[in-house]
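Chemist: First, the structure itself, so that you have it in front of you.
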Amino acid sequence: MVLRTFVHRTGKSAIRKIAVLSLLLLVASGCDSATPLFDVKAVAAGAASLAPFFDERSGLGRDADVRSRPVHGGLQQGDTPGLYGGTGEAAICDVEQLKRYLAEPRNDRKARAWAEALDLRTDGIPEYLDRLTPVLLRHDTLVKNHDYKKGKAVPFNALLQAGIAILVDEQGLPAVKCSCGNPLRPFEGDKSRISVSFDDGNEKWKGYDRSEVVVVRPASHKLERIALVDVEDPDRGVERPVGTTGEEDTAFDTRKRQAVPSLVGTTFGEASRRLAGRGLAVAYDGEDVPPDGARVTASDPAAGAELRFGAHVTLSVAEDTGASGGGATPPGPESSRETKEPGPPPSSSRETKDPGPPPSSSPPSPPSSGPAKSERPGSPGGTPGDTSAPAGSTPPPPPSTGSTPPPPTSPETPGTGSPPPGSTGSPPRTTASSPPADDPATSGAPPPPAGRPASSAPATSVSAAPEAPTTSAPAERPRRTRE
C-alpha cells in the first residue's frame, strides 16, 4: 500500500515536471520566432570608420550635430519633403574631390570595387557623381553600407545617425557617405526585426529609438529639386536642384501653410507627386508602400485642410489596386489613334486607282469628251447614271501622272455589264475601278494633300476629282485611231 502511494505521488510529480518543461519550450520557441534576423552596425555622426574607402580626415565631407526627428511610418519615399536637411554654410560634401580620388591611377582598384558596389562601370563614375546631391540625414536611417577590405567592397547593414552627410541619387536614395566615400545601397531587411550593435567607437547616441528608424524607398519619378529643412533653423527651408552642391539653393518659409489638394480617385503615385509639390509628406496604412496605380479612396486630413511644410497626409487606397487603373486611361487615345492611322491604306489604294477612270464615266457616252466630268456626281453613289454631263470635259490637258498607267478607257462599273457602244478593243477593260465608288466614303483618315486642288465638286467626291483628267486623254486617243 505504501509502495503504491509512493508510485502514485511520483507519477504526479513527473507529469507536473513534463508540463512545466513543455511550457518552457513553447515560450522559448515563441521568443525565438521574434528574435531579430538582421544584424545592424550603428554608425555615429563624426565617428571614424574602421575600413573606409578614403580617410575620414581627407576633407571629403563633414557631419553635423542633428537630433533625430520623429517620423510617421518607417518607410519613406525619396521625394518626401523634409526627409533630408541642409545648412546655409559651406558645402557639406566635396564631390569634385571624391571624383578626383576615384580617378587617380593609384586608386584604380578602389574605383573598380566602388563602382561594382553601385552596379556601375568605372568610366561611368564621373557622370554618376554629377547627378548626386549632398544632404544631411534628419532621421536615423537604415542602409547597406560598404567597407573596403582586401581590394573589395564588403557590404554590411548599417544604421546611420541623423546628422551624417550623404549624397542621394535622382530618386532620393542614399548613395554615398560623404566623409569616407563609402558607397551606400538601400536596406533590404525588415526594419522591425533588427539587432543594432553599438561598438567600435560608435556609442549609443542620445535620442536613439529603434521604433523611429527610417528606411528610404525610391521616389516614383526622377527628382528635379529636393526640398530640405535647414538643420540649424527649422523655419527655413532650402530647395536644392538635383546635382548641385548648394550654390543654387533657394530659401523658403516652412511655416507657410499649404492646403491639402483633392486626391480621392487619383492614383497613389499621382497623389504623392501632388502632395510633394505642395511640400506635404505622404503617409499610408500598412507596412509596404502601395503601388503607384492604387486608387486613393480617402485622405486624412481631408482636402482643404492647411498644413505646414513637411506635415504628413495619410492616404487610404483601395485593396483592389489594379495598377492599370491609372495607366489604362492613357493608352486609350494612343490605341484609338493607331486605329485611325491606317488611313494611308486608302491613299495607297487611291494610287492604284489613278490609272483607271472612276465608274460610270465612259459607258454611257460614246463621245470622247463624256467620261471626264460625268463621274464626279455619280461616284459616291456608285451608279452609272448622270451621263449627260459631258460638257467641258475635253479641254483639260492630261496631267503628267496620267501617262504612267496603262490606258484604261472603259472600266466596268457595278451593275453595268456591257461596254460602251463603239468600243470593242481589249485595252479599255480594267476591273480595278469598282472600289473607287466607295472610296470617298470610307477614307476617314486625312487624304493625301495632292488630291484636293482640282476638285470643285461636292466634298464627298474630292478624291475622284483628280482622277478624271488623268484618264480622259488615254481614253480619247484609242477611239480616234479606230475611227
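The values are calculated or read from the model by the stated rules, or taken from the named source; none is laboratory data. Values in this document were obtained by computation on a predicted structure and should not be read as measured data. Backbone-built Cβ (ideal geometry, glycine too); neighbour counts: all protein chains shown. The accessibility values were calculated without ligands, DNA or RNA, using every heavy atom of the protein model including side chains. Shrake-Rupley method; radii C 1.70, N 1.55, O 1.52, S 1.80 Å.
Chemist: Of these, ALA111, ALA91, which one is under 15 Å from LEU167 (Cα atoms), open to solvent by less than 80 Å² (accessible area, probe 1.4 Å), among the small types (Gly, Ala, Ser) and in contact (Cβ under 8 Å) with a residue 12 or more places away in the chain? Break it down stepwise before answering.
Modeler: Numbers: ALA111 fails: under 15 Å from LEU167 (Cα atoms).
None of the other options fit; the residue is ALA91.
Chemist: Okay, moving on. Which one of ASP249, ASP253 is out of contact with any helix residue (DSSP H, G or I) (no Cβ under 7 Å at 6 or more places or on another chain), surrounded by fewer than 20 Cβ atoms within 10 Å (Cβ to Cβ) and modelled with pLDDT of 95 or more? Outline the logic, then answer.
Modeler: Values: ASP249 fails: modelled with pLDDT of 95 or more.
Within the list ASP249, ASP253, the selection yields ASP253.
Chemist: Here's another thing I want to ask about it. Scan segment 31-41 and tell me whether some residue there is surrounded by 12 or more Cβ atoms within 10 Å (Cβ to Cβ), of a type in the set (A, V, I, L, M) and modelled with pLDDT of 55 or more. Even if it seems obvious, please write down each step before you answer.
Modeler: Here is the first cut: in segment 31-41, the residues surrounded by 12 or more Cβ atoms within 10 Å (Cβ to Cβ) are 36, 38-41.
So of that shortlist, the ones also of a type in the set (A, V, I, L, M) come out as 40.
From the residues that got through so far, the ones that are modelled with pLDDT of 55 or more too are 40.
Yes: one or more hits.
Chemist: For segment 60-78, state whether one or more residues are among the hydroxyl-bearing types (Ser, Thr, Tyr), crowded, with 19+ Cβ neighbours inside 10 Å and not in a loop (DSSP other than H, G, I, E, B). It would help to see each step written out before you state the result.
Modeler: Initial filter on segment 60-78 (among the hydroxyl-bearing types (Ser, Thr, Tyr)): 68.
From the residues that got through so far, the ones that are crowded, with 19+ Cβ neighbours inside 10 Å too are 68.
Remaining after also requiring not in a loop (DSSP other than H, G, I, E, B): none.
Checking segment 60-78: not a single residue is among the hydroxyl-bearing types (Ser, Thr, Tyr), crowded, with 19+ Cβ neighbours inside 10 Å and not in a loop (DSSP other than H, G, I, E, B).
Chemist: May I pose another question? Could you list, ordered by first residue, the pairs with Cβ atoms under 7 Å in which the first is in segment 294-318 and farther than 16 Å from ARG273 by Cα and the second is part of a strand (DSSP E or B) and among the basic types (Lys, Arg), at least 6 apart or interchain?
Modeler: Short answer, once both residue conditions are applied: ALA318/ARG295.
Chemist: Here is a follow-up. Residues of segment 204-226 being open to solvent by 30 Å² or more (accessible area, probe 1.4 Å) and among the small types (Gly, Ala, Ser), which ones?
Modeler: Of everything in segment 204-226, those that are open to solvent by 30 Å² or more (accessible area, probe 1.4 Å) and among the small types (Gly, Ala, Ser) turn out to be GLY207, SER211, SER220.
Chemist: Another one. Residues that are among the basic types (Lys, Arg) and free of Cβ contacts under 8 Å to residues at least 24 places away in the same chain: does segment 145-158 have at least one?
Modeler: First, pick out the residues of segment 145-158 that are among the basic types (Lys, Arg): 149-150, 152.
Now restrict to residues that are free of Cβ contacts under 8 Å to residues at least 24 places away in the same chain: 150.
The answer is yes; a qualifying residue exists.
Chemist: Follow-up question, since we're still on this one. Across segment 180-194, what is the total count of residues that are modelled with pLDDT of 95 or more and either over 14 Å from GLY74 (Cα atoms) or in a strand (DSSP E or B) (or both)?
Modeler: Within segment 180-194, the subset modelled with pLDDT of 95 or more is 180-187.
With the extra rule that they be either over 14 Å from GLY74 (Cα atoms) or in a strand (DSSP E or B) (or both), the set shrinks to 180-186.
Total satisfying the criteria: 7.
Chemist: When VAL242 is evaluated against the numbered criteria (1) within 16 Å of ASP292 (Cβ to Cβ); (2) open to solvent by 30 Å² or more (accessible area, probe 1.4 Å); (3) β-branched (Val, Ile, Thr), which criterion, by number, is the only one it fails?
Modeler: It fails just one condition, (1).
Chemist: State whether one or more residues within segment 117-129 are open to solvent by less than 50 Å² (accessible area, probe 1.4 Å) and more than 26 Å from the chain's Cα centre (by Cα).
Modeler: no
Chemist: While we're looking at this one, here's another question. If you take the residues of segment 257-272 that are surrounded by 17 or more Cβ atoms within 10 Å (Cβ to Cβ), under 18 Å from GLY82 (Cβ atoms) and without any contact (Cβ under 8 Å) to a residue 60 or more places away in the chain, which of them is nearest to the chain's Cα centre (by Cα)?
Modeler: ALA271
Chemist: What residue, of GLY59, GLY11, is at pLDDT 70 or above, out of contact with any strand residue (DSSP E or B) (no Cβ under 9 Å at 6 or more places or on another chain) and over 18 Å from LEU160 (Cα atoms)? First the steps, then the outcome.
Modeler: Working: GLY11 fails: at pLDDT 70 or above.
The unique qualifying residue is GLY59.
Chemist: List the number of the failed condition for SER195; all other conditions in (1) in contact with an Asp or Glu (Cβ under 6 Å, 6 or more places away or on another chain); (2) over 22 Å from ASP288 (Cα atoms) hold.
Modeler: Status for SER195: all satisfied but (2).
Chemist: Let me ask you something else. Within the bounds of segment 196-203, is there any residue that is open to solvent by less than 50 Å² (accessible area, probe 1.4 Å) and within 37 Å of the chain's Cα centre (by Cα)?
Modeler: Let us first name the residues in segment 196-203 that are open to solvent by less than 50 Å² (accessible area, probe 1.4 Å), namely 196-197, 202.
Then drop every residue that is not within 37 Å of the chain's Cα centre (by Cα), which leaves 196.
Taking every residue of segment 196-203 in turn, at least one turns out to be open to solvent by less than 50 Å² (accessible area, probe 1.4 Å) and within 37 Å of the chain's Cα centre (by Cα).
Chemist: Out of all the residues in segment 130-168, which are open to solvent by 10 Å² or more (accessible area, probe 1.4 Å), farther than 19 Å from GLY82 by Cβ and not in a strand (DSSP E or B)?
Modeler: Once the filter is applied, which keeps residues that are open to solvent by 10 Å² or more (accessible area, probe 1.4 Å), farther than 19 Å from GLY82 by Cβ and not in a strand (DSSP E or B), segment 130-168 yields ASP130, ARG131, LYS150, GLY151.
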